[in-house]
Amino acid sequence: MSDPGLAIQAALIGTLRATGAVTALVSTRVYDIPPALQPGSMPTFPYVTIGEAQSITERADCIDGTEHFVDLHAWSRSPGFVEVKRIAGAMRAALHEAEIEVSGYRLIDLAMQDVRYLRDPDGLTSHAVLQFRVLVDAID
């Protein structure tokens, strides 16, 4: 069986790309990593990326699960935090306590833990980091 983190990542990206409120703001620009950039060019803003993740094994007599903490990043070049906060709100609405399909696993819980808003050092980019907790159990 593959790493559950891969199945979770695919489910999160698929859910965000299929949610109208998210695509209304970022189109289908939800990436593991943004497409390769040509020298001197910039990515199309706004967009969302999968970020850092942590996986913790959860074992008991009746469960072969893992708890995952996944960061999702929203990026905007609109002045201020308005656009990036709208994107973060749409992402939260799409994922918090959602019952998404995670291939090969039973989703036990999906919840947003926190969100941080940052101004990047370039002075132009607003950035939101949303952390989600995802608990899954392997399907036998």
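So the values come out like this:
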quantity	calculated
Hey, P79 within 19 Å of V30 (Cα to Cα) and modelled with pLDDT under 95 or not	no
Restricting region 16-30 to residues that are exposed (fewer than 14 other Cβ atoms within 10 Å of the Cβ) and at pLDDT 95 or above, the residue that is nearest to V48 (Cα to Cα)	S27
Count of residues meeting criterion [over 25 Å from P4 (Cα atoms) and surrounded by fewer than 14 Cβ atoms within 10 Å (Cβ to Cβ)] in region 46-101	3
Criterion: within 27 Å of L135 (Cβ to Cβ) and part of a helix (DSSP H, G or I) - qualifying residue of A53, A10	A10
Flag for Q113 being among the polar types (S, T, N, Q) and modelled with pLDDT of 95 or more	yes
Count - residues of region 114-140 that are surrounded by 14 or more Cβ atoms within 10 Å (Cβ to Cβ), within 16 Å of G5 (Cβ to Cβ) and among the aliphatic types (A, V, I, L, M)	3
Given (1) within 28 Å of F45 (Cβ to Cβ); (2) modelled with pLDDT under 95, index of the condition G104 fails	(1)
Filter result for A111 (in a strand (DSSP E or B), surrounded by fewer than 17 Cβ atoms within 10 Å (Cβ to Cβ) and among the aliphatic types (A, V, I, L, M))	yes
Residue satisfying condition, being among the polar types (S, T, N, Q), without any contact (Cβ under 8 Å) to a residue 12 or more places away in the chain and either farther than 17 Å from V134 by Cβ or not in a strand (DSSP E or B) (or both), within set T28, T44	T28
Matching option when the condition is more than 22 Å from G20 (Cα to Cα) and over 15 Å from the mean Cα position of the chain (by Cα), among L107, L135	L107
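The values are calculated or read from the model by the stated rules, or taken from the named source; none is laboratory data. Predicted model, so just to flag it, every value in this text is computed and none were measured. As a convention, Cβ positions derive from the backbone with ideal geometry for all residues, glycine included, and neighbour counts pool all protein chains shown.
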